[in-house]
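The values are calculated or read from the model by the stated rules, or taken from the named source; none is laboratory data. Source: prediction; values computed, not measured. When we count neighbours, we look across all protein chains shown, and the Cβ atoms used for this are built from the backbone with ideal geometry, even at glycine.
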Amino acid sequence: MKSNRVFLTGASSGIGAAMARAYAAKAAAGGASLTLGLVARGAVKLEELAKELRGRGATVHVYAADVADTEAIKKAALAFADAAGGADLVVANAGVGIPSALREGDASSVAKLMQINVIGVTNTIIPFVPTMIAQKSGVLVAVSSMAGHRALPGRVAYSASKGAVIAFMDGLRMELHGTGVHAMTICPGFVKTPMTDVLDHKMPFLVDVDEAVALMTRSIERHDDTYTFPWQMRLLRHALVRAPEWLVRLTAPGARKAGTI
Ligand SMILES: NC(=O)c1ccc[n+]([C@@H]2O[C@H](COP(=O)([O-])OP(=O)(O)OC[C@H]3O[C@@H](n4cnc5c(N)ncnc54)[C@H](OP(=O)(O)O)[C@@H]3O)[C@@H](O)[C@H]2O)c1
């Protein structure tokens, strides 16, 4: 699959920034053209990354926007498709873990998390559907999480948001069957990024961000349906979805720190 027109949210940090760098490095090494659309809220970090990647030969469009803003993201998506002459790959990667106050009866932080982690994904993916159907090609990727495979104590809203993303992309893949457009989900375990740097519980099978991106880009090349990594998490996933609740309650990382994410 050619991935020379790539639109990527959450591009200013962690997995998103590493993925932008990986695609730029691959294009530079192969002498291929690359047009990147980078989205995050913070313009300064995005511009710094854009400058770095332009130095490596990529054409980079920066869209400082909140993925929760349906109109702003649609505008960015259409501007990118127009500037790049289409889109080969869209990665809805932006996501957050926000401490929630479930026990205090405060729903606002959960509403905010859902707006970013769920609506942010649909806002990013859907505007590209007509373009890709017209092209008869393209890959739509959502970054979910291992936590999306099973509701977890201590990260109730986060795991629910990531589960919704898996369900949405599963349905979309079936909806788009036969159009040439592939919809897929990537479910990382723990990856070392600013998001996990703030966690103070054990993170089994923690993966370096560049290794994570190498696994993710290979999965995108293969057109997987749902890809969970690293392999230990992929094996554990099957046990996790079948485990009784008492076992999940006792063993989920961070389970005893209710409301941490
Ligand atoms: N790291 C892990 O262990 C892990 C595991 C499983 C899944 N994931 C998922 O992987 C994705 C990337 O995580 P990461 O670890 O790379 O996190 P990160 O380093 O915190 O990066 C998150 C990125 O998303 C952007 N972002 C956050 N809220 C946004 C919003 N409302 N609108 C636009 N952009 C927004 C951030 O930029 P701004 O703040 O400037 O907007 C940043 O670029 C997330 O969906 C996360 O849930 C991560």
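Filtering region 97-114 to residues that are outside any loop (DSSP other than H, G, I, E, B) and not aliphatic (A, V, I, L, M) leaves Arg103, Glu104, Asp106, Ser108, Ser109, Lys112.
With respect to the conditions (1) touching an Asp or Glu at 6+ places or on another chain (Cβ under 9 Å); (2) touching a residue at least 60 places away in the same chain (Cβ under 8 Å), Gly95 falls short on a single one, namely (1). Among the residues of region 173-192, the one identified as part of a helix (DSSP H, G or I) and either near the ligand (Cβ under 8 Å from one of its atoms) or among the basic types (Lys, Arg) (or both) is Arg173. Looking across region 115-142, the residues that are out of contact with any His (no Cβ under 8 Å at 6 or more places or on another chain) and not in a helix (DSSP H, G or I) come down to Lys136, Ser137, Val141, Ala142.
Can you find, within region 193-203, the residue that is modelled with the highest pLDDT among those that are within 11 Å of the ligand (Cβ to nearest atom) and assigned to a loop (DSSP other than H, G, I, E, B)?
Out of the qualifying residues, it is Thr193.
Between Ala72, Ala83, Ala25, Ala29, the distinction of being of a type outside the set (Lys, Arg), under 16 Å from Thr9 (Cβ atoms) and either part of a helix (DSSP H, G or I) or in contact with a Gly (Cβ under 7 Å, 6 or more places away or on another chain) (or both) belongs to Ala72 only.
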